[in-house]
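The values are calculated or read from the model by the stated rules, or taken from the named source; none is laboratory data. The shown structure was predicted, so the numbers you read here are calculated from the model rather than taken from an experiment. Using ideal geometry, Cβ is built from the backbone for each residue, glycine included, and neighbour counts are taken over all protein chains shown.
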């Protein structure tokens with residue numbers, strides 16, 4: 001993306017990130033669970049009010065931990081939107097689960113809760129709502145159904161750190177939830193994630209799973225005279241250098257969120273009239289939701305129009321991109337599900353969606369260039 005004058009994304013230091021990386025190196029502890037890791041985890045626990053938060057190497061790793069903690073086995077079923085990143089599904093397919101793909105709503109692009117109950121079977125072992133673009137799923141309805149059928153909920157909140165549903169933070173509804181700190185997210189350390197636990201029963205085992213299936217963390221705390229292999233697990237600890245970078249971002253939490261809100265609001269204000277004139281839909285945020293300001297997207301009227309707009313923006317040095325391809329139509333999706341699921345809204349949205357450049361350091365002048373390019377293509381006068 002370096003050929004673009006305005007890239008789709010970039011991750012810039014917003015505070016003392018580089019200083020903290022150097023501090024981790026100078027302190028002699030650059031592996032996992034150092035002081036910056038602990039700072040980030042405490043911040044998440046205090047901010048969100050979750051029982052525990054463990055930093056991980058990625059949101060993918062956090063999802064894999066969730067599958068392990070839920071003891072997912074071959075033949076188990078998980079209900080998951082087809083309109084999501086492959087990691088949401090892969091983490092559970094790795095344990096032998098069969099995905100049951102649910103369609104999305106056309107307003108929020110989230111799991112259509114009205115379809116959920118009919119997809120639950122005696123084999124259902126998890127429901128995986130994905131808060132697309134940081135706008136909350138209908139968690140009241142989802143959690144009521146999940147409780148009635150005694151099915152655990154794992155929130156994929158990779159887009160939604162800081163977002164809320166009915167004044168409650170996303171990631172605090174399900175038994176487990178995951179966050180992403182990939183370079184494309186509001187808060188980043190390049191690659192990183194977190195597992196959030198809302199029930200105490202998961203905490204002790206999660207610590208073991210995260211440490212390659214050993215009780216090494218207890219050994220480091222002086223609770224044991226040696227550590228040993230006690231469970232299955234893998235290496236999900238990020239380097240404390242990465243945690244140092246992330247802590248530099250978390251220290252600027254309010255500034256970053258305010259900046260992203262300004263970017264999102266400016267896009268919406270300038271494009272609202274243009275969109276209505278040209279039959280283009282902008283993101284919808286229901287009144288019960290407080291979004292995380294993770295992305296700004298357009299829904300065009302056809303695939304051809306979508307492709308032409310992306311190409312035109314590229315000719316102006318602007319990188320705009322589409323998003324998820326329907327997982328239920330993919331080779332692996334069909335293989336793992338064992339059948340083709342019916343998800344018409346997912347297929348439609350996947351063909352129409354364009355994501356505009358959105359990152360913390362995106363300048364107002366750059367936004368004006370993007371907006372004016374869209375106006376130029378459509379011959380629109382502001």
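So which of 107, 112 ends up being within 19 Å of residue 299 (Cβ to Cβ), at pLDDT 95 or above and surrounded by fewer than 17 Cβ atoms within 10 Å (Cβ to Cβ)? Result: 107 is the single residue among 107, 112 that is within 19 Å of residue 299 (Cβ to Cβ), at pLDDT 95 or above and surrounded by fewer than 17 Cβ atoms within 10 Å (Cβ to Cβ). In this structure, does residue 45 turn out to be closer than 18 Å to residue 157 by Cα and crowded, with 21+ Cβ neighbours inside 10 Å? Taking the combined requirement at face value, the residue does not satisfy it.
Checking each residue in the stretch 117-129 for being touching a residue at least 24 places away in the same chain (Cβ under 8 Å) and either surrounded by fewer than 24 Cβ atoms within 10 Å (Cβ to Cβ) or assigned to a strand (DSSP E or B) (or both) picks out 117, 119, 120, 121, 123, 124, 125, 126, 127. Within the stretch 359-376, not a single residue is in a loop (DSSP other than H, G, I, E, B) and either touching a strand residue (DSSP E or B) at 6+ places or on another chain (Cβ under 6 Å) or assigned by TED's automatic domain parsing to the domain that holds residue 104 (or both).
Could you check, for the stretch 334-341, whether at least one of its residues is within 24 Å of residue 294 (Cβ to Cβ) and in contact (Cβ under 8 Å) with a residue 24 or more places away in the chain? Checked the stretch 334-341: no residue is within 24 Å of residue 294 (Cβ to Cβ) and in contact (Cβ under 8 Å) with a residue 24 or more places away in the chain. Consider the stretch 130-162 and keep the residues that are within 9 Å of the chain's Cα centre (by Cα) and part of a helix (DSSP H, G or I). The one that is surrounded by the fewest Cβ atoms within 10 Å (Cβ to Cβ) is 133. Screening 356, 325 for residues that are within 21 Å of the chain's Cα centre (by Cα), in contact (Cβ under 8 Å) with a residue 24 or more places away in the chain and farther than 23 Å from residue 379 by Cβ leaves exactly one candidate, 325. Would you mind stating whether residue 86 is buried (at least 23 other Cβ atoms within 10 Å of the Cβ), more than 19 Å from residue 194 (Cβ to Cβ) and under 16 Å from the mean Cα position of the chain (by Cα)? So residue 86 fails the test. Note on the stretch 65-82: residues that are under 16 Å from the mean Cα position of the chain (by Cα) and more than 13 Å from residue 237 (Cβ to Cβ) total 4.
In this entry, residue 333 is excluded by the filter for residues that are more than 25 Å from the chain's Cα centre (by Cα), at pLDDT 95 or above, more than 26 Å from residue 170 (Cα to Cα) and assigned to a helix (DSSP H, G or I). When 313, 298, 271 are checked against the criterion of being surrounded by 19 or more Cβ atoms within 10 Å (Cβ to Cβ), assigned to a strand (DSSP E or B) and touching a residue at least 40 places away in the same chain (Cβ under 8 Å), 298 stands alone in meeting it. Exactly one residue among 222, 233, 248 is farther than 27 Å from residue 369 by Cα and in contact with a strand residue (DSSP E or B) (Cβ under 7 Å, 6 or more places away or on another chain), and that residue is 233.
Each row is one residue, and each column tells you yes or no for (1) in contact with a helix residue (DSSP H, G or I) (Cβ under 7 Å, 6 or more places away or on another chain); (2) modelled with pLDDT under 95.
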position	(1), (2)
187	yes, no
202	yes, no
219	no, yes
243	yes, no
268	no, no
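Applying the criterion of at least 3 residues that are farther than 30 Å from residue 331 by Cα and touching a residue at least 60 places away in the same chain (Cβ under 8 Å) to the helices (runs of 4 or more DSSP H) found wholly in the stretch 1-103 leaves 17-27, 35-48.
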